[in-house]
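Rule-based calculations on the coordinates, nothing more; no lab input. All figures in this text were calculated on a predicted structure; none of them were measured in a lab. Here the Cβ positions follow ideal geometry from the backbone for every residue, glycine too, while neighbour counts run over all protein chains shown.
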Amino acid sequence: MSSTHDHVANDEPSLEVAPRREVSPPVQFVTPEGEVTALGEQHGIDLDLARQLYRHMSLARRLDQEALALQRQGELGLWLQCWGQEAAQVGSILALRESDYVFPSYREHAAALVRGISPTELLSQWRGATHAGWDPTSRNLHFYSLVLGTQTLHATGYAMGAVLDGGEHVVAAYFGDGAASQGDVSEAFNWAAARDLPVLFICQNNQWAISTPTSLQYRTPVHERAAGFGLRSFHVDGNDALAVHAVTAQAADIVRRGQGPALVEAVTFRMAGHSTSDDPTKYRTAEEFAAWEARDPLTRLRTLLEHRDTEPSWFSALSAEADELGVEVRRACRAIEAPKLDDLFDHAYAHPHSLVDVERLTHREFVDSLEVAG
Ligand SMILES: Cc1ncc(C[n+]2csc(CCOP(=O)(O)OP(=O)(O)O)c2C)c(N)n1
């Protein structure tokens, strides 16, 4: 049976410009078993960097587990876990300079922790206390974008301004495989390429967009699609923190030198549900979960470090540090105060506005009427 994707019959000459071809495997330095690949040996394994990556990834996983527990206890309204994506996030953000401006999506908790966002700042939004948790200018990390793909356009526009300022820039935008189906992302690719803008697109392909697998979303992998738009493009094992770091560093260097935008597709897996509101066992198999559990980003790095003379005491000190973070996450979450509803009106515009004043009054009258009735 033929499909629309079949090539022409063997006896006909192919007139296609670019026949479909096999996708090249992602760059990998460390196997899931913790062995260094030939490419990894060739590049060199920096054990200090490996320990730094492992530390950040361990702390991120602890924060993620604590936040899940807090949501289940009713302390958070919602949480979107980054479990499984720690290497993709920590490896990439550590390869950037602190002066590089970053536009995250909504699952980049590991990256946010590396940039120094505190548990209070990180959890406030998910406790319903604020629209956005931190001052984006203070750590060059924009606040989370929940409207898929919009941040890729924001990054592209930001990069246009950065170029006018002169200097060396990398403006990074994180997004998912699902967001890549948004027209906004294609527009961002196109405009960044057309204008040679210093944008580094970082796609975490975690295989799922809520309950839709990538296999139902597109035929051409995101890194190949980006290349079609004229971006320099990279494909990396997103559960291999050292490989992600090296690939991102190389891509960022190209962008920083003014050679146009680049894209890194990091192949990873969303181990949890999309959010605390869904049950992934309804749409994916235990076998798929187990296959990715065997590729866990922390386990492989730990195995590598253990094989390369990292003392057990180093791991126990890190475990104690993670315990302290856990205590702090729980304390910080419960201490987040409910917002004053007046803030909504105060922060609508920079200057007073008569319509906002009317809305504020109407709201007050409504609240007062409830108190009288109650
Ligand atoms: C413009 C837009 N369309 C739809 C949604 C609803 N939505 C929220 S998350 C999501 C899936 C996103 O998948 P992906 O980009 O792969 O990121 P992931 O959640 O896997 O990290 C969808 C469809 C949205 N937030 N914004």
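Side notes on the structure shown:
- Under Karplus coefficients 6.51, -1.76 and 1.60, residue-wise ³J(HN,Hα) of region 191-206 in Hz, glycine/proline x: 5, 4, 6, 4, 9, 6, 7, x, 10, 10, 8, 10, 9, 8, 7, 9
- Across region 26-167, C-alpha contacts under 8 Å between residues 6 or more apart give a mean separation that, scaled by the residue count, equals a relative contact order of 20 percent.
- Farthest positive-ward along region 200-298 dipole, Cα basis, beta-carbon charges - from Met271, Gln204, Gly260: Gly260
- Just so you know, the Rg over Rh for the chain is 1.02, from Cα atoms, with Rh as the Kirkwood radius.
- Simple Cβ-charge dipole of region 234-298, Lys/Arg +1 and Asp/Glu -1, about Cα centre, in debye nearest 20: 300 debye
- Rounded to the nearest 10 degrees, the inclination of helix 47-72 to the longest alpha-carbon principal axis of the chain is 40 degrees.
- A Cβ-based charge dipole, computed about the Cα centre of the chain with Lys and Arg at +1 and Asp and Glu at -1, lands at about 80 debye.
- Per-residue ellipticity at 222 nm from helix content only, as computed over the chain with -39500 (n - 2.57) for each DSSP H run of at least four residues, stands at -14500 deg cm²/dmol.
- On Cα atoms only, tilt of 297-307 relative to the major axis of the chain in degrees: 60 degrees
- Farthest toward the positive end of the dipole of region 38-335, out of Gln65, Thr150, Leu123, is the Cα of Thr150, where the dipole comes from beta carbon charges about the Cα centre.
- A simple count of charges around Glu121, restricted to other residues whose Cβ falls under 10 Å of its Cβ and scoring Lys, Arg +1 and Asp, Glu -1, yields 0.
- Angle between the chain longest axis and helix 150-165 axis [Cα atoms, degrees, rounded to 10]: 90 degrees
- Peptides ranked, highest mean first, by Cβ atoms within 10 Å: ranges 337-350, 154-167: 154-167, 337-350
- Formal net charge of residues neighbouring Gln207 (Cβ-Cβ distance under 10 Å; K, R +1; D, E -1): 0
- Restricting the calculation to Cα atoms, every distinct pair contributes to the Kirkwood radius of region 47-179, found to be 15.4 Å.
- Electrostatic bookkeeping for Gly326 treats Lys and Arg as +1 and Asp and Glu as -1; over the other residues with beta carbon under 14 Å from its beta carbon, the sum is -2.
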